[in-house]
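Q: The structure that follows is given in the form of structure tokens.
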Amino acid sequence: MQPVKFGVLGVSGFFTKKIVIPTAKSTLIQWAGIASRSLERSQKAAEIYNITQAYGSYEELLADESIEAVYIPLPNHVHAEWIKKVADAGKHVLCEKPLALSAEEAQEAIEYAEAKGVKVMEAFMYRFHPQWQHVLELIRMKEIGTVQLVQTFFGYNNTDPSNIRNQSDKGGGALYDIGCYAVSASRFLLQAEPQRVLSLTTKHGDFKTDVLSSGTLDFGDARAQFTVATQTFPYQRVMVHGSSGVISIEIPFNTPADVSAKVTVTTSVGTRVVELGAVDQYIVEFEAFARAIREDTAVPTASNDAVNNMRVLDGLLESGRTGHWVSLQ
């Protein structure tokens, strides 16, 4: 199978730290282009990371017919805009989360791109890690009985006013940046959509972004609760509570690629720690997307999943403003 020629928009720290080096090891992925509004910056990155071509604008990359797929790690508020532009260029789209800043915007961008005949996928890398597949399998096997609660905490400490995560006009804040993981994880594990949501948010006095947000998702027979924070001690954990056991995912989202992932399962017969081998979830994610392109199959994470996730986030944001439950029915 020939590698898919990927281009990337922007020289983001996230891309250079997490994506380009590990994925370059794959025989299914070729980094054929990198674009920046500064040609000097893209040329430097291309030289360091062995990327075939550098461009001085995003439009130049999109005009290159050799590029087959484009990865978008741009600020949240321009995701939908560039999904459409990439689709106009006839290239497949792997876009960072959240796909847009509302369910309506996400739906519009996806429908626009798919009408152009290209594939679109939201880049929730965590779902490709074997630990999540294993936990979902345990839930389906009723290893912990009937799931009653999915509990998530995800936090980091970032006080830099120049960072896009702290800029409200660019889609910054805890809910957009990491609350999307908490929502996505609960929907994935419960294999359902919540009926209504309630949230409580605390906003930064200067940034105007939410720095501490908590939410409750009502799934009917089960619920999910989460807290996400951008100015707290960095920590993350997902707990799944069932009628006859508990599952704990030790490092659920930013799982290190060089050590085994650990899932702790507690039932009436005792506690065991399941170690899933060292896996780079970004490689698995990009390879799965590349296979969908080469084999012309559906993308592994359906595009409507991004819309459904945004619908929940929309409800949480509304609840945070009003202080009331928001129905999603």
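The values are calculated or read from the model by the stated rules, or taken from the named source; none is laboratory data. Note that the structure is predicted; figures quoted are calculated from it, not measured. Please note: Cβ atoms are built from the backbone with ideal geometry, for glycine as well, and neighbour counts cover all protein chains shown.
Q: Pick out, from the range 84-198, the helices (runs of 4 or more DSSP H) lying fully within it that include 1 or more residues that are of a type outside the set (Phe, Trp, Tyr) and touching an Asp or Glu at 6+ places or on another chain (Cβ under 8 Å).
A: Where helices (runs of 4 or more DSSP H) fall fully within the range 84-198 and carry at least 1 residues being of a type outside the set (Phe, Trp, Tyr) and touching an Asp or Glu at 6+ places or on another chain (Cβ under 8 Å), they are 103-115, 180-190.
Q: So which residues in the range 68-83 are assigned to a loop (DSSP other than H, G, I, E, B) and more than 18 Å from Asp177 (Cβ to Cβ), if there are any at all?
A: Hit for the range 68-83 is Glu68, nothing else.
Q: If a residue counts only when it is in contact (Cβ under 8 Å) with a residue 12 or more places away in the chain and in contact with a Pro (Cβ under 9 Å, 6 or more places away or on another chain), which strands (runs of 3 or more DSSP E) contained entirely in the range 243-329 have at least 1 such residues?
A: Hits in the range 243-329: 261-267, 270-276.
Q: Evaluate the range 21-30: report whether one residue or more is of a type in the set (D, E, K, R), touching a helix residue (DSSP H, G or I) at 6+ places or on another chain (Cβ under 9 Å) and not assigned by TED's automatic domain parsing to the domain that holds Val183.
A: Checked the range 21-30: at least one residue is of a type in the set (D, E, K, R), touching a helix residue (DSSP H, G or I) at 6+ places or on another chain (Cβ under 9 Å) and not assigned by TED's automatic domain parsing to the domain that holds Val183.
Q: In the list Ser38, Ser66, Ser42, Ser26, which residue meets the criterion of being surrounded by fewer than 24 Cβ atoms within 10 Å (Cβ to Cβ), out of contact with any His (no Cβ under 6 Å at 6 or more places or on another chain), in contact (Cβ under 8 Å) with a residue 12 or more places away in the chain and more than 22 Å from Ile293 (Cβ to Cβ)?
A: Ser38
Q: Do you know which of the residues in the range 38-92 that are among the polar types (S, T, N, Q) and over 20 Å from Val4 (Cα atoms) is nearest to the chain's Cα centre (by Cα)?
A: Out of the qualifying residues, it is Asn76.
Q: Given the conditions (1) closer than 20 Å to Gln281 by Cα; (2) among the aliphatic types (A, V, I, L, M); (3) in the same structural domain as His241 (by TED's automatic domain parsing), which single one is not true for Leu94?
A: (3)
Q: Kindly check whether there is at least one residue in the range 152-167 that is under 19 Å from the mean Cα position of the chain (by Cα) and of a type in the set (Lys, Arg).
A: yes
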